[in-house]
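The values are calculated or read from the model by the stated rules, or taken from the named source; none is laboratory data. Everything numeric in this text was worked out from a predicted model, so none of it was measured. Using ideal geometry, Cβ is built from the backbone for each residue, glycine included, and neighbour counts are taken over all protein chains shown. Side chains included, ligands, DNA and RNA excluded: accessible areas come from the protein's heavy atoms. Shrake-Rupley method; radii C 1.70, N 1.55, O 1.52, S 1.80 Å.
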Amino acid sequence: EGGNPNLQPYTTKNFDMSVEWYPERGGSYGLGFFHKKLESFIARGSSPETVVIGGVPRVFDVRRPVNTDGGTINGVEFQFHVPFDSFTGGFMSYFGINGSFTYVDAELDAVVPERGTPISLRGTSERSGNLVVYFERERFGARVAANYRSDYLFQEAEDVDRFDEFTEGRTIVDMNVDYIIMENMKIRFSANNLTEERRSRYWDTPTQWFSDERDNGREYVLEFRYASD
């Protein structure tokens, strides 16, 4: 393993466009498009290098970060917010729903130096979205959120003897409940990963070999917040 003092940071040129609509009865809807141009993308590469040890030159396969060609990222995103009080009355008027969905198409010109195969963008899911149902009334509020993302690259293979490693997509459901005791005092209860989704990874081979799995279970958090003047 080695560093690279000549490594250049990667840069992006971004273009965004969005259209939004705010109905008279309340709520909002939005549709956005984005285009990103990446340059000097950073990847992991390996190459044979001569290292002198005890006065004797030896050849080692050294892995280090390297700059490669960039690429483009195109995407579209839809967002909405619908408060039920805009078209219902009674108890249901305290409810509402909002959410978003994003589609990303990443095409990189960069390749893994040792393998000559295209590089995917780490941590980027092709599809992602969330849906939130909420209840708000005076001092009390509650939200249930479902957050989804499709499979994404965790680590690209660095040589011909390995395979790309992906994290499997999943949907995580969270909840939080808030109560305002007084103007500057609030209590919150949160429950994360209610459905106990596991984080799984696999090697990208014809049989999708299992890599590893982590079970974080549910998480409960109780917060008390106080703000002084």
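Odds and ends about this structure:
- Within region 100-123, being at pLDDT 75 or above and in a strand (DSSP E or B) holds for 100, 101, 102, 103, 104, 105, 106, 107, 108.
- Residues satisfying the stated conditions in region 192-229, i.e. among the aliphatic types (A, V, I, L, M) and either modelled with pLDDT under 90 or within 20 Å of the chain's Cα centre (by Cα) (or both): 194, 227
- Here the strands (runs of 3 or more DSSP E) wholly within region 156-218 that include at least 1 residues being of a type in the set (Gly, Ala, Ser) are 185-192, 199-203, 210-214.
- Region 34-65, residues that are modelled with pLDDT under 90 and under 24 Å from the mean Cα position of the chain (by Cα): 38, 39, 40, 41, 42, 43, 44, 65
- Of the set (1) open to solvent by 50 Å² or more (accessible area, probe 1.4 Å); (2) more than 16 Å from residue 121 (Cβ to Cβ), all apply to residue 37 but (2).
- Hits in region 39-57 - residues which are hydroxyl-bearing (Ser, Thr, Tyr) and under 20 Å from residue 107 (Cβ atoms): 40
- Among residues of region 11-33, those that are at pLDDT below 95, open to solvent by 100 Å² or more (accessible area, probe 1.4 Å) and within 24 Å of the chain's Cα centre (by Cα), counted: 1
- Counting only residues that are exposed (fewer than 12 other Cβ atoms within 10 Å of the Cβ) and on the phi > 0 side of the Ramachandran plot, region 197-221 holds 1 of them.
- Residues of region 124-149 that turn out to be basic (Lys, Arg) and either modelled with pLDDT of 95 or more or open to solvent by less than 70 Å² (accessible area, probe 1.4 Å) (or both), as a count: 3
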